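Notes to accompany the following structure.
The values are calculated or read from the model by the stated rules, or taken from the named source; none is laboratory data. Note that the structure is predicted; figures quoted are calculated from it, not measured. Ideal geometry is used to build each Cβ from the backbone, glycine not excepted, and the neighbour counts take in all protein chains shown. Ligands, DNA and RNA are excluded from the accessible area calculation, which covers all protein heavy atoms including side chains. Shrake-Rupley method; radii C 1.70, N 1.55, O 1.52, S 1.80 Å.
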Amino acid sequence: ILIPFLGLVLAFWFYSARENFKPEMLKGKRVIVTGASTGIGEQMAYHLARMGSHILITARTEAKLQKVVERCLELGAASARYVSGTMEDMAFAEHVVKEAETLLGGLDMLILNHVGTSYFGYFNGDVGHVRKLLEINFLSYVAMTTSALPMLKESEGSIVVVSSMAGKVGFPFTVPYSATKFALDGFFSSLRQEFSIQSVNVSITLCILGFIDTESALRAAAEVLLVAPAPREECALEILRAGALRRRELYYRYGSTRLPLLLRDWAAELLDYLVRSRYRLDGLKRN
Ligand code: NDP
């Protein structure tokens, strides 16, 4: 009886001792958000603007970035700028970080969120596509992190990596995408270990998201997934909160991500079955 009781007391103490999030934590902070022309990245930019951050956003579509920047300035951003280009090109990924150095004089938070277009369906055997997606969804994250590290070490800042349930457990119909998200976990979880050994005070927050109501996700999966999508505005705020609090991982929403993952090490087949049962196969477009 004593041991579970002590466990409960310790858990309560741990949770109440954790710092609460306050929007002022991000006021005046210099933040890069990638993939911010639409979806969750766009919403993160708006939240950061309301909190008074300096924002540098990036994606390929200049016209959309321009509009997001205008809206950020209306919402109260300390400053808002964009750089347009493709993350297929590692030189561009590094250029974005250089721009932060030139325009903002440093960096407090690097939010890696962009994702290249892929198909939703059975794996079609296109190895070239897997390579290209790895470059966009994984290698550019590595390139930006590497370039940003000197500035992040200086500011004792944060890296926020937006991943997915598909980066923690095998998902059908998104094989190339899942591979890139698993790669992120391997790289950033290992890097976090090295930071700890070397006493590098840069936090790494890996965000494990479920189904979110962005246009691209609804277009790809709404017909097939038997799951209600969560709102992108709330998701964006939860990501910023987790990053500001220097959390190791974020599970959003907790009930549909963290809880099923508890099965992974003990009942992997059951988890696989539960994942498969969330799909309506007759809604799947054949490739
Ligand atoms: P969106 O498709 O809405 O946005 C993707 C962003 O990435 C856009 O700004 C897009 O802009 C940019 N982008 C696409 N290709 C490139 C490229 N080659 N180079 C540079 N930028 C590019 O995505 P979401 O908001 O839905 O997703 C955001 C993150 O959340 C992703 O990492 C995704 O994996 C993750 N996630 C999302 C889920 C969901 O259900 N929505 C579920 C789980 C994880 P542009 O086209 O102008 O370049």
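In straight-distance terms, cross-link reach from Lys64 covers every one of the aspartates and glutamates whose alpha-carbon lies under 16 Å from its own, apart from those fewer than eight places away in the same chain; here that gives Glu42, Glu74, Glu215.
Each of the peptides 257-269, 131-143 was scored by the mean count of other Cβ atoms within 10 Å over its residues; in descending order, highest first, they stand as 131-143, 257-269.
What separates the Cα centres of the stretch 179-224 and the stretch 78-149 is a distance of 13 Å. Contact order, relative form, for the stretch 162-287: 28 percent (alpha carbon pairs under 8 Å, 6 or more residues apart, mean separation divided by residue count). Can you check what the net charge comes to around Cys235, using other residues whose Cβ is under 13 Å from the Cβ of Cys235 (Lys, Arg +1; Asp, Glu -1)? Net of charged neighbours comes to -2. Quick one: among Glu215, Glu42, Glu94, which has the greatest mean-square fluctuation in a GNM of the chain with alpha-carbon springs under 10 angstrom? Judging by the Gaussian network model, the answer is Glu215. Summarising the label geometry, the points placed 7 Å from Cα in the beta-carbon direction at Glu24 and Ala228 lie 3.6 nm from one another.
Surface exposure of the chain, expressed per residue as accessible area with a 1.4 Å probe, stands at 51 Å². Each Lys or Arg adds one and each Asp or Glu subtracts one; over the other residues with Cβ under 13 Å from the Cβ of Glu70, this totals +1. Comparing mean-square fluctuations of Ala93, Ala217, Ala78 from a GNM of the chain with C-alpha springs under 10 Å, the top value falls on Ala217. Stretching Leu281 away from Ala63 to a fully extended chain increases their span by 74.8 nm, per 0.36 nm per residue minus the current alpha-carbon distance.
Taking the inverse of the mean 1/r over every pair of distinct Cα atoms in the stretch 134-279 gives a Kirkwood hydrodynamic radius of 16.2 Å.
Hey, what did the stretch 22-283 get for relative contact order, percent, Cα under 8 Å, at least 6 apart? Don't skip to the end; give the middle numbers.
Details: 481 pairs, mean separation 44.5, N = 262.
Here the relative contact order equals 17 percent.
If R0 is taken as 35 Å, the Cβ-Cβ distance between Leu73 and Glu156 corresponds to a FRET efficiency of 0.80.
Nearest 0.05, what FRET efficiency do Glu99 and Ser199 give at R0 = 45 Å with Cβ-Cβ as r? Let's see the in-between values first.
On the way: r = 29 Å, r/R0 = 0.65.
So, using R0 = 45 Å, E works out to roughly 0.95.
Measuring spread by the Cα atoms of the stretch 22-283 yields a radius of gyration and Dmax of 17.8, 53 Å. Taking the accessible area of the chain, probe 1.4 Å, and keeping the other protein chains in place, the carbon and sulfur fraction comes to 56%.
Using 0.36 nm per residue of separation minus the Cα-Cα distance, give me the extension gain between Asp89 and Asp265 in nm, one decimal. All intermediate terms of the calculation are to be shown ahead of the outcome.
On the way: separation 176, 0.36 × 176 = 63.36 nm, distance 3.72 nm.
That works out to 59.6 nm of additional length.
Modelled spin-label separation between Tyr122 and Glu215, with each label point placed 7 Å from Cα along the Cα-to-Cβ direction: 3.2 nm.
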